[in-house]
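One structure is given below, encoded as structure tokens.
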Amino acid sequence: MTAPALHTPDAHSGPDRPDRSDVSGDAADSADAGREKVSGLRHEARAIHALVHRDLLRLASQPVHTALMLVQPVIYLFVLGGGLATLIPTASLGVGYQSYLFPGVLMMTVQTPTIMVGIRLITDRQSGYLRELLMAPVRRPTLLLGTCAGGTLVSTAQGAVLLALAGAIGLPYDPVLLLLLIAAMVLCSFTLTALALTLAVSLSRPEIFNMLLGLVMMPLVLFSGGFFPIANLPGWAHTVAAANPLAYGVDLLRRCIALRVPGQASGAGVTWSSFQPPLLVEGTLLLTLGTVALLWAAHVFSRPE
């Protein structure tokens, strides 16, 4: 008589071991999710590239407008700078007045295109173009990031054109010096563009934007140290200059020149109670301010209208 066969559970199919089909399905889902994430990031990157490309095309298609935007800085550099150079002694600045004025002129050159980014955002909203742009299958912060990147690149390009005049005021065409100045202009352009976008996303009419700029920009320029040393200002003005992003930008450009051309070193710029922050600290402050401003602008821009 044969004993009945006992059914022994398979060790590979026990209740404590997950089913292979389920594991394979989870892995497939995870892989699909990873591919979708990479595809989404590429889609967002293409949107940023398209916005930057649009700004570059606009710059290339408007050579007269670009040239006119460069006229004012050139007039300041050679007419104002040349006239005051005979009245202001070199000993009072440490350098000739035109050399002292050059970083301020560079800041003026990158400042104007960054303001135009904010104005363009408001006019795009009024014309309905922004509403069509928001219909694209990308996130709103991505559109704002692309706009900021395009404005930063355009303003830096215009500032780089003005570097061709460096030799006319006695600065050498040192490749390292030019790279330092371009890097500083990228940082300044990013911060100013982010601030302009922060203001633009909070307003709905370009008239209000222009009025606020008229009230704010002139004091910021006067307290930037671009036209005369901050040390010559009244004591209370030093506090205003210490809170002025333009002052840090001008000081950053001026100290980049001093790194490569020691004879062009001028007096101290921004000070904190008689302490001058290091160059890297000034650059970090500008980068932090621009990043915080862009994040806040993206937060406001993401709100449904």
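The values are calculated or read from the model by the stated rules, or taken from the named source; none is laboratory data. None of the values given here were measured: they were computed from a predicted structure. Positions of Cβ are backbone-derived with ideal geometry, glycine not excepted, and every protein chain shown enters the neighbour counts. Accessible surface is based on the protein model in full, side chains and every heavy atom, while ligands, DNA and RNA are left aside. Shrake-Rupley method; radii C 1.70, N 1.55, O 1.52, S 1.80 Å.
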Considering each of GLY235, GLY225, GLY249 in turn, give the residue that is over 23 Å from ALA183 (Cα atoms) and open to solvent by less than 60 Å² (accessible area, probe 1.4 Å). GLY235
Working carefully through the options LEU130, LEU162, find the one that is on the phi < 0 side of the Ramachandran plot and without any contact (Cβ under 8 Å) to a residue 24 or more places away in the chain. LEU130
Of all residues in region 54-102 being among the polar types (S, T, N, Q) and not in a helix (DSSP H, G or I), the one that is least open to solvent (accessible area, probe 1.4 Å): GLN62
Could you go through region 143-163 and let me know if any residue there is closer than 17 Å to LEU101 by Cα, under 17 Å from the mean Cα position of the chain (by Cα) and surrounded by fewer than 21 Cβ atoms within 10 Å (Cβ to Cβ). yes
Over region 128-163, the set of residues among the charged types (D, E, K, R) and either more than 17 Å from ALA45 (Cβ to Cβ) or part of a helix (DSSP H, G or I) (or both) is ARG131, GLU132, ARG140
What pairs can you find where one residue is in region 101-116 and free of Cβ contacts under 8 Å to residues at least 40 places away in the same chain, the other is open to solvent by less than 10 Å² (accessible area, probe 1.4 Å) and assigned to a helix (DSSP H, G or I), and their Cβ atoms are less than 8 Å apart, with a gap of 6+ or different chains? MET116/GLY151
Scan of region 103-142 for residues that are hydroxyl-bearing (Ser, Thr, Tyr) and open to solvent by 20 Å² or more (accessible area, probe 1.4 Å), ordered by number: THR112, THR123, SER127, TYR129
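Could you tell me which residue of region 164-181 is surrounded by the most Cβ atoms within 10 Å (Cβ to Cβ), considering only residues that are part of a helix (DSSP H, G or I) and of a type in the set (Gly, Ala, Ser)? Let's see the steps before the verdict.
Looking only at region 164-181, we keep the residues that are part of a helix (DSSP H, G or I), and these are 164-169, 175-181.
From what is left, the residues that are of a type in the set (Gly, Ala, Ser) are 164, 166-168.
Values: ALA164: 10, ALA166: 19, GLY167: 10, ALA168: 12.
Top of the filtered list is ALA166.
Please tell me if TYR97 is at pLDDT below 90, over 22 Å from the mean Cα position of the chain (by Cα), hydroxyl-bearing (Ser, Thr, Tyr) and within 26 Å of LEU252 (Cα to Cα). Write out each step before concluding.
Values: at pLDDT below 90: yes; over 22 Å from the mean Cα position of the chain (by Cα): yes; hydroxyl-bearing (Ser, Thr, Tyr): yes; within 26 Å of LEU252 (Cα to Cα): yes.
Considered against the rule, which asks whether it is at pLDDT below 90, over 22 Å from the mean Cα position of the chain (by Cα), hydroxyl-bearing (Ser, Thr, Tyr) and within 26 Å of LEU252 (Cα to Cα), TYR97 comes out as yes.
Would you check which residues across region 251-270 are of a type outside the set (Asp, Glu) and modelled with pLDDT of 85 or more and list them? Give the derivation first.
To start, the set of residues in region 251-270 that are of a type outside the set (Asp, Glu) comprises 252-270.
Matches in region 251-270: LEU252, LEU253, ARG254, ARG255, CYS256, ILE257, ALA258, LEU259, ARG260, VAL261, VAL270.
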Could you list, in sequence order, all residues of region 86-143 that are aliphatic (A, V, I, L, M) and under 25 Å from MET69 (Cα atoms)? LEU101, VAL105, LEU106, MET107, MET108, VAL110, ILE115, MET116, VAL117, ILE119, LEU121, ILE122
Given the criterion without any contact (Cβ under 8 Å) to a residue 60 or more places away in the chain, over 30 Å from LEU87 (Cα atoms) and within 21 Å of the chain's Cα centre (by Cα), identify the matching residue among PRO245, PRO278. PRO278
Does MET107 meet the test of being under 16 Å from VAL250 (Cα atoms), assigned to a helix (DSSP H, G or I) and within 22 Å of the chain's Cα centre (by Cα)? yes
Selection from region 196-207 of residues that are open to solvent by 60 Å² or more (accessible area, probe 1.4 Å) and either among the hydroxyl-bearing types (Ser, Thr, Tyr) or in a helix (DSSP H, G or I) (or both): SER202, SER204, GLU207
